[in-house]
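Bear in mind these aren't lab numbers, they're just calculated from the coordinates by the rules spelled out. All of these numbers come straight from a predicted model, not from anything done at the bench.
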Amino acid sequence: MKRELYVLEDSKLVRKRRFCPRCGPGVFLAEHADRFTCGRCGYTEIKKEPKAQEQKPKETKPKAKKEKAPAKKEAEKKEEQKKE
Ligand SMILES: [Zn+2]
């Protein structure tokens, strides 16, 4: 038994490394900075970043409502002026 592959945690034997899902128990995956790889079959598993959910949806402030220019009223006024 290779002791360096295991770590004792809370009086429990915790597996330090993962087994290759292709080769099965007994073949450990080599741990890299961002992935696990199997030196036997070439299996690669990318480590998942838990930071993916940090992106917060931007709060969209409601645009200040511009007072509608009284374009219609002006047109109406012109027509009124014509009438007069
Ligand atoms: Zn493998």
Other-chain or far-sequence residues with amide H under 5 Å of Val27's (modelled H): Cys20
Could you go through the range 42-47 in sequence order and give the Karplus-derived ³J(HN,Hα) for each residue, using 6.51 cos²θ - 1.76 cosθ + 1.60 with θ = phi - 60°, rounded to whole Hz, and x for Gly and Pro? x, 4, 10, 10, 7, 5
